[in-house]
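Below is one structure, written out as structure tokens; comments come after it.
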2 protein chains.
Amino acid sequence: MTQTSETTSYKDIKRTVLSRIRSGDWGPDSLLPNEQDLAAEFSCTRTTVNRALRELADEGYLERRRKAGTRVLSAPQRQARFTIPMVRDEVEALGGTYRYALVSSARENAPDWLAARLALRTGQPVMHVRCMHFSGNTPFQYEDRWIVVDSVPQVMQADFSQIGPNEWLIQTVPFTNVELTFLASRADAMVAGFLDVPEGEPVFTGERITWLEGQPVTFAKMYFAAGYRMTTQF
Amino acid sequence: MTQTSETTSYKDIKRTVLSRIRSGDWGPDSLLPNEQDLAAEFSCTRTTVNRALRELADEGYLERRRKAGTRVLSAPQRQARFTIPMVRDEVEALGGTYRYALVSSARENAPDWLAARLALRTGQPVMHVRCMHFSGNTPFQYEDRWIVVDSVPQVMQADFSQIGPNEWLIQTVPFTNVELTFLASRADAMVAGFLDVPEGEPVFTGERITWLEGQPVTFAKMYFAAGYRMTTQF
DNA sequence: AAAAATTTAAAGTCTACACAAATTGGATAT
DNA sequence: ATATCCAATTTGTGTAGACTTTAAATTTTT
């Protein structure tokens, strides 16, 4: 048989399964019928059911194990997907005009805390770049970044006066792994100065570590201006 | 032909495509060969190529459009997936013993700011629940929550002295949409008292709004203890 | 009993093919 | 030149069927 306008689509199945979960028809921890039976119920092939259930599992509603079957997750491990935008895009999306300014850029030796964080040898050479991102004339983000010279030798020739280190890295070095952390920190004198807020002010802060195939590439600390909110919907 | 141990798997294709992107072989914005040609190259069916490319597109590496083809996204819109854990799980994952304590629970009329936030009528009845989550005897999170009575009438009978409002809601009401926001706020006298930090201390704060089919269900504000870090890897 | 080997049920993945839907780009008409 | 229509291309999704892998359940052996 072939696909007509009356064909059951995997999207229909997803919808139906979700509504049965929500209605309590298939309660938490309960076992769903197997793919064959569902295929029979929806009069479609197992392939189609498989796709629907696989996607629902990806989205955190179901847990699937061979032989054990498919069950409803009791505490739906809903996952929020934050798209990590580049500062420029974020500023422009908020209706501002993006402006970048380099604060300093120098070759240094990795301090202890950084070496520990990135699993470097103490004193291994790193490029230390500090810069500002503005929305119009308002400070938006202060960025404090270290780039591992041994992993990215080209960084010694890079000119960060016009282009930000993040944009430079993205178009220069690929990465395979990222660790992202968010926290609330207190503005020290320097950060307060750059962001134009009182010293001691709470600052939404992000830390990002990037690796390429196990090699540490960069560590960045991003201090957001007062009032910054990171939002997502799902 | 059938599947042997030498069969090309969609995972192999994903790996190969990714490595070609990373090596610059297929640079940003470049157009990939169409599915047919890739299938020929990998000597597999178009179905298999389709799955590989579809997943890479889901993961934010590629953009696909009918007739236009598949292109490499210039700025890989990598998406961080934060799994939103329940406080209990988070505390236990960190090796602590979870303890819950109700602070107050009362029926109120929605104040202006809440009504605006949830698109309620001013004065619409809401259940206002405040509670603490501990790790051992250390404060972990202070939660300030409002539940829309008209959307969840059962809430008037709920007893929040033993179970937290979040856990109660999860096992009682399904939800379809969530908005999640994180920010750095300043501890006011009350929050400082509950979290046992000095007044004015930076506090990592989360806000969560939940809807069921367009109906606002609950608004929660979560204040995390000093030093809290939200981390993810991808 | 406990441990090891075997069976078996379920999801995972692939082949091979077909039709559907979207959108681009060119042809045609205004 | 501009608007409209049409054909071609590419991804999207389905059917039907088979083999593979995992791990739960059962049986056999120790």
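The values are calculated or read from the model by the stated rules, or taken from the named source; none is laboratory data. Everything numeric in this text was worked out from a predicted model, so none of it was measured. Neighbour counts are summed over all protein chains in view; Cβ atoms, including those assigned to glycine, are modelled from backbone coordinates with ideal geometry. When the accessible area is computed, the model is the full protein with side chains, heavy atoms only, and any ligands, DNA or RNA have been set aside. Shrake-Rupley method; radii C 1.70, N 1.55, O 1.52, S 1.80 Å.
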Please work out if residue A:91 is more than 16 Å from DNA strand D (Cβ to nearest atom) and assigned to a strand (DSSP E or B).
-> no
What number of residues in region B:146-164 are within 15 Å of residue B:221 (Cα to Cα) and either open to solvent by 30 Å² or more (accessible area, probe 1.4 Å) or at pLDDT 95 or above (or both)?
-> 3
Filter result for the condition that a residue is at pLDDT 90 or above and under 18 Å from residue A:170 (Cα atoms), over B:74, B:30, B:43 = B:30
Somewhere in region B:136-144, is a residue part of a loop (DSSP other than H, G, I, E, B) and touching a Lys or Arg at 6+ places or on another chain (Cβ under 9 Å)?
-> yes
Pairing a residue in region A:27-39 that is assigned to a helix (DSSP H, G or I) with any residue that is near DNA strand C (Cβ under 6 Å from one of its atoms), where Cβ atoms lie under 7 Å and the two sit 6 or more apart in sequence or on different chains, gives A:35/A:50
Pick from A:58, A:25, A:112: which is away from DNA strand D (no atom under 16 Å from the Cβ), open to solvent by 50 Å² or more (accessible area, probe 1.4 Å) and outside the structural domain of residue A:168 (by TED's automatic domain parsing)?
-> A:25
Filter result for the condition that a residue is more than 10 Å from DNA strand C (Cβ to nearest atom) and more than 14 Å from chain A (Cβ to nearest Cβ), over B:104, B:74, B:43, B:19 | B:104
Go through (1) loosely packed, with under 15 Cβ neighbours inside 10 Å; (2) more than 14 Å from every other protein chain (Cβ to nearest Cβ); (3) over 25 Å from residue B:94 (Cβ atoms) and name the single condition residue B:118 misses.
-> (1)
Scanning for something open to solvent by less than 70 Å² (accessible area, probe 1.4 Å), under 25 Å from residue B:82 (Cα atoms) and within 14 Å of another protein chain (Cβ to nearest Cβ), does region A:3-15 turn up at least one residue?
-> yes
Scan region B:177-234 residue by residue and report those that are aliphatic (A, V, I, L, M), open to solvent by less than 10 Å² (accessible area, probe 1.4 Å) and part of a strand (DSSP E or B).
-> B:178, B:180, B:203, B:209, B:217, B:220
Specify which of the listed residues (B:87, B:49, B:91) is within 14 Å of chain A (Cβ to nearest Cβ) and open to solvent by less than 50 Å² (accessible area, probe 1.4 Å).
-> B:87
